[in-house]
Amino acid sequence: MEHYTNFILKHKNILIVLFVAAAVICAILSTLVGVDYKFADYLPDDAPSTRALDIMEEEYDQAVPNVRVMIKDVSISQAMDYKEKIEKIDGVQEVNWLDDAANIYAPLEIEDQDTIDDYYKDGNALYQVTMDEDDGERVVHEIRKVIGDENYMTGDGVIDALTPKTTAAEIQKIIFFVIPLVFAILLLTTNSWFEPVLFMATIGIAILLNRGTNLMFGTISFVTNAAGSVLQLAVSMDYGIFLLHRFAENRQSGEDAEQAMKDAVRQSVGSIMSSGLTTVTGFAALIFMRFKIGPDMGWVMVKAILFSLLAVLCLLPMLTMVCYPLIDRTEHKPLVPKFRLLSKVVLDWRVPMLILFLIVTIPSYLGQQKNSFLYGGTKVYQTNATQLGRDMNVIEDEYGVSSQVVLMVPKGDMEKEIQMNRQLKQIDGVTSVVSYINSVGESIPKEFVPEEQVSQLYSEHYSRYVLTVDAEEGVDGWNDLVEDIKRTGSKYYGDDALVAGNLASALDLKTTITQDMTKVNVLSIGFVFLILLLNFKSILLPVILTLVIEASIWINLTVPYFADSELFYIGYLIISSVQLGATIDYGILFTDRYREYRQNMGKKMAALRTIQSCTISIATSASILAIAGTVLGIVSTNGVLSQLGMLIGRGAVISFLLVIFILPGLLLMFDGAIEKLTWNANFYHRERGGNLHELQENI
């Protein structure tokens, strides 16, 4: 390391210019990175619903209805006027309403009341609109102009059209809140008013480098785009904190600035690299998921942490050596305590806290396995904080939940189609079936039907059935309903029957993601355990650290269970790797210091000194991660991002508490076993000083 630090410090001016230039270029490139917001795009290519969607796009020019529009307080004639206006909008392919299902010119009392209630109820008209999503934002705005702000619209077309703009604005707002708050934390926890500038500049450049190089992927997921930079800032900041705290300690011991930095790099590189690599492996485990958001986020965040490590171990030492006179001039007295009382409390109460730890951990492990999950994107924006969420809730309150499921079967056997059509209509939960049989009739040859009408139901190879069901993801029995539709198609056509739509995609997501869960957990824990094994050269220490952080994850994930709230499975899956990779750093830093002190003093004194010297660094890192996650959770109206943010924020706090209050007790309890199971431990054996209180007073 000495040759490395000599080189970078000797050429610091040139290297700093290169870093800044690269950051500027990457800031420009980042604007060219595409973002994908559709859940179905992240299904494996071999998933049944993915294959069905691909075939449907090849066979049919027109999609299934993707927008629900509700006009309140209108007569039949006024509702028809609105329908005609919406149909005239460029990009609207079709508008289905009551006149397509019943004779609106006859008394409605003689028509089927259930059919009428699907489209017109209590003076409110509900339209099923099919729009072209290629120019979705413009089409949605045109529909809004026609219906006005006092009426309502929802559906996948609306969500896909408005999400990019909404999310981009929210990301800016999140950054606007997070940066000042992180800066304030750094001001409180450092001993110079200028040090926070160095931290923010270093990680800021690392973030720009990562965002710009995302162009190599072409397109990234909305989860990665929104949470990636916030996560990188939050999980990388402690690397710089570790380094500059060592630098300050070396200078206080009398070393000149350059030697202090060389020693700081040498002393902290082990902890920084171990922390970075455990974080990298936590994210790397996501790469092995079949659900494509996992590999997307995994690759981007692995790259992000590597850039952060490069920036901290290369750029930060150079910036510090250029700016250390300014650090000296802006030095101030410590604004946080030395945690002497805390260290005494932790050691005095370690046994009760370990008992409490066991009492909480066991039910948490069981509880987090019993959460209720959402797998698709149906309820991502079901919040009254946005017009989209309010519209969705109003329409569902008035007309209930509704989804479209598409069943495609090989055409050519009219008798089979007739029989299957009848059976589909009998499925409990299916409210309507749009098919050639129902729309044209069983006895009319397709040669006598207008081509435009036939083409939407009959393609070159397939006959399409568009089923409306009174269910959505999260409603009891939604998956059973989709399975019933699949079984009906398979009964007549075997594997040639194809099912598509949001519910079909959600069912495939459920199958795919749950299969990924065990794989990701095993890989992330295995990778982290291996790195800890190599870093500590100990069999027992990796077990203790992994247990502490895994327990914090279980406690974090059991909160929704006891709160009786649903979790987006994506957030559940990601946080299991993210929290492990991000907060294991706290345990690594704490254990490294404990081992260092333990070579020169008894175990109780070593634990006291470790708590006092590490708490500020761990608290700073945990506070930044907690604030970044909480702000993401509060500001984002995207349910997945909001939930992920709250899980990250709460997880950071829980991990901090367990590392500070539980880990010392475990290290003391297993001190003898740790020494025996650690290569070259060199623990000190003659206890100095008297009892614990005397030791405390002498520190």
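The values are calculated or read from the model by the stated rules, or taken from the named source; none is laboratory data. Just so it is clear, the model here is predicted, and its values are computed rather than measured. So basically every Cβ, Gly included, is an ideal-geometry build from the backbone, and we count neighbours across all protein chains shown. These area figures cover heavy atoms from the full protein model, side chains too; ligands, DNA and RNA do not enter into them. Shrake-Rupley method; radii C 1.70, N 1.55, O 1.52, S 1.80 Å.
Observations
- Overall, the ratio between the Cα radius of gyration of the stretch 234-290 and 2.2 N^0.38 Å, rounded to two decimals, is 1.46.
- Pair-distance profile P(r), taking every C-alpha pair of the stretch 158-247, with 10 angstrom steps and integer %: 14, 42, 28, 13, 3, 0
- When the trypsin sites (Lys or Arg not before Pro) in the stretch 466-558 are filtered for DSSP coil states and for at most 14 other beta-carbon atoms within 10 Å of their beta-carbon, the remaining sites are Lys537.
- This model, with +1 at the C-beta of Lys and Arg and -1 at the C-beta of Asp and Glu, gives the chain a dipole about its Cα centre of some 5300 debye.
- Average Cα contact separation per residue, the stretch 619-683, under 8 Å, 6 or more apart, as relative contact order %: 27
- Using a cutoff of 8 angstrom between alpha carbon atoms and counting only pairs six or more residues apart, the relative contact order for the stretch 30-144 works out to 33 percent.
- Dividing the summed helix terms, -39500 (n - 2.57) for each DSSP H run of n ≥ 4, by the number of residues in the chain produces a 222 nm estimate of -22000 deg cm²/dmol to the nearest 500.
- Whole-angstrom gap from the stretch 239-268 to the stretch 13-60, using each part's C-alpha centre: 40
- Placing dummy labels 7 Å off each Cα toward the beta-carbon, the span from Asp73 to Lys333 is 6.7 nm.
- In the chain, the longest principal axis of the Cα atoms and the axis of helix 478-493 are about 50 degrees apart.
- Taking the three principal axes of the alpha carbon atoms in the stretch 538-645, the coordinate ranges are 52, 26, 21 Å, sorted in descending order.
- Volume per residue of the convex hull around the Cα atoms, evaluated for the stretch 497-573, comes out as 104 Å³.
- Rounded accessible area per residue of the chain, 1.4 Å, Å²: 42
- Whichever aspartates and glutamates have a C-alpha closer than 12 Å to that of Lys416, once near sequence neighbours (fewer than 8 apart) are set aside: Glu442
- For the stretch 202-357, the Stokes-Einstein estimate of translational diffusion at 25 °C and a viscosity of 0.890 mPa s comes to 137 µm²/s, using the Kirkwood hydrodynamic radius over alpha-carbon pairs.
- Packing around the peptides 222-229, 17-24, taken as the average count of other Cβ atoms within 10 Å per residue, puts them in this order, highest first: 222-229, 17-24.
- Highest mean packing first, where packing is the average number of other Cβ atoms within 10 Å per residue, the peptides 333-345, 543-555 line up as 543-555, 333-345.
- Sorting the segments 464-475, 407-418 by their residues' average number of neighbouring beta-carbon atoms within 10 angstrom, most packed first, yields 464-475, 407-418.
- Under a model in which nothing but the beta-carbon of Lys, Arg (+1) and Asp, Glu (-1) is charged, the stretch 145-263 shows a dipole of about 200 debye around its Cα centre.
- For Lys510, the lysines whose Cα falls under 20 Å of its own Cα, not counting residues fewer than eight places away in the same chain, are Lys38, Lys292, Lys370, Lys379, Lys486, Lys519.
- Whole-Å semi-axes of the stretch 1-109's equivalent ellipsoid (Cα gyration tensor): 60, 21, 12
- Distance between the 7 Å Cα→Cβ label points at Asp81 and Val351: 8.3 nm.
- 0 to 90° range, to nearest 10: angle between helix 569-598 axis and the chain longest Cα axis: 0
- Magnitude of the charge dipole, the stretch 118-200, Cβ model with Lys/Arg +1 and Asp/Glu -1, debye to 20: 460
- A Cα-only calculation for the stretch 308-358 places Rg and Dmax at 19.5, 50 Å.
- Think of the chain as having a plus end and a minus end, set by charges on the Cβ of Lys, Arg, Asp and Glu; of Pro542, Ser435, Leu366, Pro542 sits farthest toward the positive end of this dipole.
- Dividing the convex hull volume of the alpha-carbon atoms in the stretch 267-392 by its residue count gives 274 Å³ per residue.
- Listed by chain and number, the aspartates and glutamates whose alpha-carbon sits under 13 Å from that of Lys12, ignoring those within fewer than 8 places in the same chain, are Glu258.
- Rg(Cα) / (2.2 N^0.38 Å) computed for the stretch 353-419, rounded to two decimals: 2.11
- Residues of the stretch 42-79 with amide N under 19 Å of the 7 Å Cα→Cβ point at Phe288: 44
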